[in-house]
Structures are given as structure tokens and as C-alpha cells.
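See below for the structure under consideration.
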């Protein structure tokens, strides 16, 4: 089983290839995906002497994240999946954050307009992504008796948890967390691939995705 994994949600463009669940190739650049994504994919494939036809599935981060980056990455993933007629696994940013350090945790990302995307991941099950004012989410976190980790994609909350050892900010999604999240996520095919849309960094875009 060979999987191509793409993340274009932030300032880094990440291309990974796994074989039988193990990371076998990676190409990560701090640059815009419009300029290098297809080159990165080819570089990763060349590293393991492979070609697109050897892929069994594709996984891609669909957001929340950069409007431009997600458009490019999700479009590339959908196109490849449809041309190669293989499944596509959509990954959500907050799920990847949770996979980076386990549960229970709060995962956060600035959504603009003084709001944020957030999810509260318990040790017993998955979390639903939602949007709320940053001040509201901060208060909820401070009053959570079971709090163990605060994981943020970005650093909006950094000043709200000064010196808190439970808080960690990230400027890119770790490869090992991407692979782990991929294993836990269901894939889609056919018409579902065609209808898949990114989750952008504006609260108005999350309503249709928050109930996933």
C-alpha cells in the first residue's frame, strides 16, 4: 500500500509518501505550493523509484488553513485521485494537531475576526470542530478540569497562556502526526471526491464542515 500525502495548509508545503503505513519519502519546503508542489511530488516519488501509477491512495489536508494553499493542494489531490481512480483521504488540521501529542487536548487555530477554530479531544473519542470567539474559547480552556494539552497551529493564543507548559504552538503540521491522522481517517471515492471542498480561514466557511 503506497500513499501520497499532501499538506499545503500553512507556510510549509509538505509532500510525504508512505509504504505499508511507514514513511518512506518526504519533501518539505517553506514556500508557496503554486511554485513547487508538483516538483515536490515528483521528487518524493523519484526518491523511492516510483511513479504516480504506483500510488494506491492519496491523503490531503483540507483545512482549516490558507485559502490559496488549500485550493492548490486539494485541487491537486482531487485531480490525481480521479485520474488514477484511487481513494482520497481528507485530513483536518485540528485532527492532525491532536495526533501530534495524543489526547486529551484542546486544538486551536485562528479563524480571523477575533474568532478561532477549536476542538476538545477527549481520551474516549473524536472531537467536533467548531468556531467561537477567541475570548470564549480561552475561558473554556482555563476552566477545563481535565486539561492536559493546548495545541495551536499558529501563535494567536501564546500570550493568553504565558509560561504554561501545556501550551504548544506549531508553524507546520509534523510528518509523523500527518501519517498517524491518515491511518485514523476514512477515505472517499468517486462523486464524494468531486464534491470535496477546503475549509478556509474564515468562520463563514466552516458551517458546512463543522458537523463532519
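Sorted ascending by nearby beta carbons within 10 Å, beginning with the fewest, 107, 43 become 43, 107.
Between the alpha-carbon centres of the range 43-61 and the range 71-135 there is a gap of 23 Å.
A straight chain from residue 158 to residue 191 at 0.36 nm per residue would run longer than the Cα-Cα distance by 7.8 nm.
Exposure proxy for 136, 156: other Cβ atoms within 10 Å of each Cβ, ordered fewest to most, give 136, 156. Determine the shape class of the range 94-170: with a ≥ b ≥ c the square roots of the Cα gyration tensor eigenvalues, call it rounded for a/c under 1.5, and otherwise prolate if a/b is greater than b/c, oblate otherwise. Rounded, since a/c falls under 1.5. Per residue, the convex hull around the alpha carbon atoms of the chain comes to 114 Å³. Taking a ≥ b ≥ c as the square roots of the eigenvalues of the Cα gyration tensor, the range 131-172 is classed as oblate, since a/c reaches at least 1.5 and a/b does not exceed b/c. Could you tell me whether the range 47-98 comes out rounded, prolate or oblate from its Cα gyration tensor? Rule is a ≥ b ≥ c as square roots of the eigenvalues, rounded for a/c under 1.5, then prolate if a/b exceeds b/c, otherwise oblate. Here the range 47-98 falls in the prolate category. Each of 142, 49 was scored by other Cβ atoms within 10 Å of its Cβ. Listed from fewest to most, they are 49, 142. How high is the FRET efficiency between residue 79 and residue 113 when r is their beta carbon distance and R₀ equals 35 Å, given to the nearest 0.05? Efficiency, rounded to the nearest 0.05: 0.65.
No value in this document is a laboratory result; all are computed from the given coordinates. Since we're looking at a predicted model, the values are computed, not measured. Glycine also receives a Cβ, built like all others from the backbone with ideal geometry; neighbour counts cover every protein chain displayed.
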